[in-house]
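Inspection log for the structure reproduced underneath, given as structure tokens.
The values are calculated or read from the model by the stated rules, or taken from the named source; none is laboratory data. Since this is a predicted model, take the numbers as computed values, not measurements. Cβ placement follows ideal geometry from the backbone for every residue including glycine, while neighbour counts extend to all protein chains displayed.
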Amino acid sequence: MNPYPYTLDNKRYQTFNYHLKKTYDHKVAKVILDLDYTCPNRDGTKGVGGCIFCSARGSGDTSVHFKNDIVAQYLANKKVIDNKWPDSYTIPYFQSFSNTYGPLEKLRGYVESLIHRDEVVEMAIATRADCISDDTLAYLDDMASYKPIWLEIGLQTSNDKTAAFINRGHDFDTFKETFKRSEKTKIKTCIHIIDGLPYEDEGDMLKTIDDIKDIKYDALKIHCLEILKGTKLANIYNERPFKVITRDEYIDIVIRQLEHIRPDVIIERLTADPIKEDLIAPMWLLNKRTLLNDIDKRMKTLDTYQGKYYEASDL
């Protein structure tokens, strides 16, 4: 018997799909949008060239681009989704780079171009912890009175030494301060972390989970580090190869992390979708479905589930 309450299938963690089905009783899909944003870690305001793992297009490598017309881009990407799930509800997702970096009026125009559409049930905005002003929080809090608004904020790691190495551009205290401000709003928050960062071991990855334990957040994305062609990380790897996390190590670490995450946190991702032609390592990331299935199987074998040891302090 599966002891985990937040599931409709064999999962032992709360998937975003489960959350959306329970909330809307309808298929809901994210529509990825790549807008004309950059980030302070790419334009020279902080650091040079961005985080070392970031590709030229940020995380927006799979969307159709109409950067000068957000509605046209939304409809084009929604059409692709409709071919698979006709009449689905949608969540416009401002994915690439830091989408709260810039004038508030710019963000306001993008949000209000889409949020009142009938099929749009929520909205998600990816950004950095050091790019969220009080005015932006107040505006998004107001818009969250109409429909749920998500801020997806990249942490990657709580280890400031690693953060400096990957050129993140801010420390963990900045991240925590941003979440203290967001707790006063109706905005939902999703934290992004990366397992397998250079020179981090299992202890570092588990400590990141422990360090966010007392932060109020609603969802989590766990990614494995991707070494992509054309990135600074690829240059470092080619010149001074570092240990890349193995598939079995990743499965074990993800499961241990899930065991110590608050039971009601939504797990939006446990792996990503790298483009084969861009990926240098680890190549096992290309088999996403098998990886997720093997996480499920191992959790069942271990008779474990999300939050099993959440109250424990053994990390």
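Things worth noting here:
- A single entry from Glu200, Glu226 fulfils the requirement of being charged (D, E, K, R) and more than 28 Å from Glu311 (Cα to Cα): Glu226.
- Applying the criterion of being of a type outside the set (D, E, K, R) and in contact with a Lys or Arg (Cβ under 7 Å, 6 or more places away or on another chain) to the residues of region 125-144, the residue that is farthest from Thr178 (Cα to Cα) is Ala144.
- Comparison of Tyr237, Tyr217, Tyr250 shows that the only residue that is at pLDDT 95 or above, of a type in the set (Phe, Trp, Tyr) and more than 30 Å from Ala124 (Cα to Cα) is Tyr237.
- All of (1) assigned to a helix (DSSP H, G or I); (2) aromatic (Phe, Trp, Tyr); (3) within 20 Å of Ser158 (Cα to Cα) hold for Tyr217 with one exception: (1).
- Within region 103-127, the set of residues being among the charged types (D, E, K, R) and either farther than 16 Å from Ala138 by Cα or surrounded by 17 or more Cβ atoms within 10 Å (Cβ to Cβ) (or both) comprises Arg117, Asp118, Glu119, Glu122.
- Scanning region 123-135 for residues that are under 21 Å from Lys30 (Cβ atoms) and either without any contact (Cβ under 8 Å) to a residue 60 or more places away in the chain or of a type in the set (Phe, Trp, Tyr) (or both) turns up Met123, Ile125, Thr127, Ile132.
- Condition met for Leu35 (outside any strand (DSSP E or B), among the aliphatic types (A, V, I, L, M) and either over 26 Å from Glu277 (Cα atoms) or at pLDDT 95 or above (or both)): no
- Selection status of Leu225, among the aliphatic types (A, V, I, L, M) and under 17 Å from the mean Cα position of the chain (by Cα): yes
- Residue within region 130-137 that is touching a Cys at 6+ places or on another chain (Cβ under 8 Å) and within 28 Å of Arg262 (Cα to Cα) present: yes
- Enumerated helices (runs of 4 or more DSSP H) restricted to region 125-208, each holding at least 3 residues that are in contact with a helix residue (DSSP H, G or I) (Cβ under 7 Å, 6 or more places away or on another chain) and closer than 21 Å to Leu35 by Cα: 134-143
- Residue match in region 142-160 (condition: farther than 24 Å from Lys21 by Cα, surrounded by fewer than 22 Cβ atoms within 10 Å (Cβ to Cβ), without any contact (Cβ under 8 Å) to a residue 60 or more places away in the chain and of a type in the set (Asp, Glu)): yes
- Whichever residue in region 206-228 is crowded, with 18+ Cβ neighbours inside 10 Å and either charged (D, E, K, R) or in contact with a His (Cβ under 6 Å, 6 or more places away or on another chain) (or both) and, among such residues, is farthest from Phe179 (Cα to Cα): Glu226
- In this structure, Phe179 does not satisfy being surrounded by fewer than 20 Cβ atoms within 10 Å (Cβ to Cβ), of a type in the set (Phe, Trp, Tyr) and over 30 Å from Asp82 (Cα atoms).
Results for (1) at pLDDT 95 or above; (2) buried (at least 20 other Cβ atoms within 10 Å of the Cβ); (3) not in a loop (DSSP other than H, G, I, E, B), shown as yes or no for each residue.
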| residue | (1), (2), (3) |
| --- | --- |
| Leu20 | yes, yes, yes |
| His26 | yes, no, no |
| Asn41 | no, yes, no |
| Lys46 | no, no, no |
| Leu75 | yes, no, yes |
| Asp87 | no, no, no |
| Ser96 | no, yes, no |
| Tyr101 | no, yes, no |
